[in-house]
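The values are calculated or read from the model by the stated rules, or taken from the named source; none is laboratory data. What you are looking at is a predicted structure, and each value in this text was computed from that prediction instead of being measured. Quick reminder, even Gly has a Cβ in these numbers, built from the backbone with ideal geometry, and neighbours come from all protein chains shown.
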Amino acid sequence: MITIYENLDAAAGILTRRGMSSVDDVPPALMESIERVFGERLTPEAAVARLLADVRARGDSAIREWGARIDGTTVSALEVPPAQWKAAYQSLENSLRRALERAADRIRAFHVRQPIPHWQTQELGGLLGQRLVPLERVGVYVPGGSAPLPSSLLMAAVPARVAGVTEIVVCTPAEKGGEMPSPLVLAAAHVAKVNRLFAIGGALAVGAMAFGTQTVPKVDKVVGAGGLFTTVAKRQVYGLVGLDGLYGPTETIVVADDSADPRWVAADLLAQAEHDPLATAILLTPSRSLADAVQEEVSRQLQSLSRREIIEAALAGQGGIVLTPDLATAVEVADAFAPEHLCLSVADPQAWVGQIRNAGGIFLGEHSCEVLGDYVAGPSHVMPTGGTARFKGPLNVFDFVKVINIIGLDAATARLLANQAAEIAHAESLTAHEAAARYRAQDK
């Protein structure tokens, strides 16, 4: 069952809470797991710091030992060779191979249209400009968890390839009790044409890519979402490597009016909720009749779904149907929430786009459901969560390039600017700066 909230005041809890908002808010089961692995009760930050320090000191040996202690994985070879990616790809049904290829093609076609502008000007005295240079080596983390996610590999690796990244390294955990990652993820690696793939998961993977080991090369940037330990590890290695963002539990807000099909709206909420018990799935609508119909559809459709317990936990914790005074208020509340996914299941979605400043992705109309964005629409599904859409966009080509400024002033401009530079340097008490500027104000 999903709760209907009669007004915004009643719904205040779900509109401000985002799953595990703090790494200090740790479920008891996770604390017990940490104690089992480390022999003492540590915070997630302390546990991850210990893992990272050992990976930095001992490399591959630390990865193997901690992997065995954390999830019982015993991997004889950390690197999975390309021949095994191809074999996994060839083992798939033809229809699934075509779907992965189609997804990769659309992701590529979308991102190749994103301009990467180089520019130069002579109008400011000499040559000034910028070059956008692809990163040399990027690490992509692909989570395993309760479901393999080949789509996440495609959504990160394909834009990186479009940007011109020289080497793409993938880390993903081996399947529970096995030595190899999911065949689906290996097949996606083949489709995306990445360079190397390692069977390493969680914080260990982040550490391996950030520090480098005897087997895993050090990367310039780590991208991709993961669980709590992965996110904490990314935070702790930031500065040593670049990051795309810190991702929490996934979230969707659907704004709908009387024109929406309650079956489709319910299906979209359930699809979001099945990701994780901490996922957020919220409907905002001014229509009481739609709210009632969606509530009924959620209960009906839920009975046949394989991840029912996860969905029920998510809907009870972060889900809900919220009645708003009107559609404008629903859009305003959704924008304030700054969701990862904002779905406009309304009669005229385009009319509301200009009112939205904060969202990872805006899905226009019922045919543009978030599930299609997860897999095959084209834009990357790696999007900002936890309100970070206020200042961060989805993963894109710009995440894989860096700007280099070009400064080539001519002599006349340098002489003209030197005295002003010297004045500022003098005010800052930087006498060596001042002297260097004064020399340029004089003829040789």
Return the residue satisfying two criteria in turn: it lies in region 93-143 and is in a strand (DSSP E or B) and of a type in the set (Ser, Thr, Tyr), and of such residues it is surrounded by the fewest Cβ atoms within 10 Å (Cβ to Cβ).
Thr121
Among the residues of region 81-103, is any of a type in the set (Gly, Ala, Ser), touching a residue at least 12 places away in the same chain (Cβ under 8 Å) and outside the structural domain of Leu184 (by TED's automatic domain parsing)?
no
Give me the strands (runs of 3 or more DSSP E) completely within region 168-287, filtered to those with at least 3 residues that are surrounded by 24 or more Cβ atoms within 10 Å (Cβ to Cβ) and touching a helix residue (DSSP H, G or I) at 6+ places or on another chain (Cβ under 6 Å), ordered by residue number.
251-256, 280-285
Any idea which of (1) at pLDDT below 95; (2) out of contact with any strand residue (DSSP E or B) (no Cβ under 7 Å at 6 or more places or on another chain) is the one Arg58 doesn't satisfy?
(1)
